[in-house]
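A.B. asks: Questions regarding the structure given below will be posed in turn.
The values are calculated or read from the model by the stated rules, or taken from the named source; none is laboratory data. Quantities reported herein were computed from a predicted structural model and do not represent experimental measurements. Every residue, glycine among them, receives a Cβ derived from its backbone with ideal geometry; neighbour counts consider all protein chains shown. Accessible surface areas use protein heavy atoms only, side chains included; no ligands, DNA or RNA. Shrake-Rupley method; radii C 1.70, N 1.55, O 1.52, S 1.80 Å.
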Amino acid sequence: MLAVKEKVVNNPDRFTERKCDNCGIKERARMSTIYRGRKRRRSTVDLCKKCSNLSQFRKCAFDRTGKNSVNWNGGIRINNGYRQHYLGKGAYRNEQRIIMEKHLNRSLKKKEKVHHIDCNKLNNKISNLYLCKNMREHSKCHYELERCGFKMLGRYIWFNYANNSYVLNKTKCKRSEKEADFGKTMTRTHTKRFGSLSYRHRYLGNQKYKTIHSIVVEEMLGRRLYANELVHHVDSNTLNNSPRNLQAMSRSDHAICHFSLQKRVSELYIQGIVVFENGFYKEK
Ligand SMILES: [Zn+2]
Ligand SMILES: [Zn+2]
Ligand SMILES: [Zn+2]
């Protein structure tokens, strides 16, 4: 350790003799270099060039991870809507996986996914968790949520045209009478398949086709659709192009719209109207 005089402190660029606290070697060093070393190690230990590279001195004097961290709040955090537990060395694990592992008495494979039956990511009771073999089976769970919702349309769930979402009360879910007349007389229509979905098209001539739903919606809006807009089929039947069944919305709104349906079904599940069995949602 070096006795720091008042003068030296005032002039940190001054050269001075540094004595290594590890091996005892004395060497010339700037005061600023000595201060920087102390700051990095968070201690008053001075080391020579060789010793400062040794592994036991490379880390700072205190471990500031985990419990010693300034931001420590008991090892539990909420990330992406999921509650996570601290495992050490900066790693966290989702709570639902920990609980499922305890229940099964084995560790989960990486591809195995845990689904929250009521769609509440923070409700990690074992009765609310369903183990899916892989991502595909988990996607199916969410597809089932939507399928169940579309079946209950008009009885428990309605579509709100004003804010592009599905709701549980019938009010404000009507399309005006004017709009309901569009697209009634359509000739020269063809059905085309796009992956698993098929849409009706109208032949425009010159080998060009246009989807009936975009023709009807454009008539209703009185303008062309924007590039980021698409047409949502309210009852999921892509061949039902009645104006009541169509709504134009942006791509991001469309994702939110489908998610709102899943959310409504999960609310009906909490009310006991919908039941969950082996990955399928059914009306009671
Ligand atoms: Zn040394
Ligand atoms: Zn899920
Ligand atoms: Zn849609």
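A.B. asks: Anything in the stretch 118-155 that is farther than 12 Å from Gln96 by Cα and hydrophobic (A, V, I, L, M, F, W, C)? List them, or say none.
C.D. replies: Matches in the stretch 118-155: Cys119, Cys132, Met135, Cys141, Leu145, Cys148, Phe150, Met152, Leu153.
A.B. asks: Would you mind listing the strands (runs of 3 or more DSSP E) fully within the stretch 183-268 where at least 3 residues are out of contact with any Phe, Trp or Tyr (no Cβ under 9 Å at 6 or more places or on another chain) and not assigned by TED's automatic domain parsing to the domain that holds Ile117?
C.D. replies: Once the strands (runs of 3 or more DSSP E) in the stretch 183-268 are filtered for at least 3 residues that are out of contact with any Phe, Trp or Tyr (no Cβ under 9 Å at 6 or more places or on another chain) and not assigned by TED's automatic domain parsing to the domain that holds Ile117, what remains is 197-205, 229-233.
A.B. asks: Which residue is nearest to Tyr166 (Cα to Cα), if the candidates are limited to the stretch 237-252 and must be open to solvent by 50 Å² or more (accessible area, probe 1.4 Å) and in contact with a Lys or Arg (Cβ under 8 Å, 6 or more places away or on another chain)?
C.D. replies: In this case the residue turns out to be Arg244.
A.B. asks: Further, regarding this structure: Could you please find all residues in the stretch 238-284 being at positive phi and touching a His at 6+ places or on another chain (Cβ under 9 Å)?
C.D. replies: Correct list: Gly279 only.
A.B. asks: Which condition does Ile78 not pass, out of (1) more than 16 Å from ligand 1 (Cβ to nearest atom); (2) loosely packed, with under 14 Cβ neighbours inside 10 Å; (3) assigned to a loop (DSSP other than H, G, I, E, B), if it passes all the others?
C.D. replies: In the conditions (1) more than 16 Å from ligand 1 (Cβ to nearest atom); (2) loosely packed, with under 14 Cβ neighbours inside 10 Å; (3) assigned to a loop (DSSP other than H, G, I, E, B), Ile78 misses (3) alone.
A.B. asks: Now, a different point. Kindly list the number of the only condition in (1) crowded, with 16+ Cβ neighbours inside 10 Å; (2) more than 15 Å from ligand 3 (Cβ to nearest atom); (3) of a type in the set (A, V, I, L, M) that fails for Leu261.
C.D. replies: Failing condition for Leu261: (2).
A.B. asks: Right, something else. Could you list, in sequence order, all residues of the stretch 1-37 that are at pLDDT 85 or above, basic (Lys, Arg) and in a helix (DSSP H, G or I)?
C.D. replies: Arg36
A.B. asks: Considering only the stretch 126-174, how many residues are in a loop (DSSP other than H, G, I, E, B) and either in contact (Cβ under 8 Å) with a residue 12 or more places away in the chain or of a type in the set (Gly, Ala, Ser) (or both)?
C.D. replies: 13
A.B. asks: When you check Lys121 against the structure, is it surrounded by 13 or more Cβ atoms within 10 Å (Cβ to Cβ), in contact with a Gly (Cβ under 6 Å, 6 or more places away or on another chain) and under 25 Å from His258 (Cα atoms), yes or no?
C.D. replies: When the stated conditions are applied, Lys121 passes them.
A.B. asks: While we're here: Select from the stretch 104-124 the residues that are under 27 Å from Val274 (Cα atoms) and touching a residue at least 24 places away in the same chain (Cβ under 8 Å) and list them in ascending order.
C.D. replies: Leu104, Lys113, His115, Ile117, Asp118, Cys119, Asn120, Lys121, Leu122, Asn124
A.B. asks: Quick check, is Ala255 small (Gly, Ala, Ser) and crowded, with 16+ Cβ neighbours inside 10 Å?
C.D. replies: Judged against the criteria, Ala255 is not a match.
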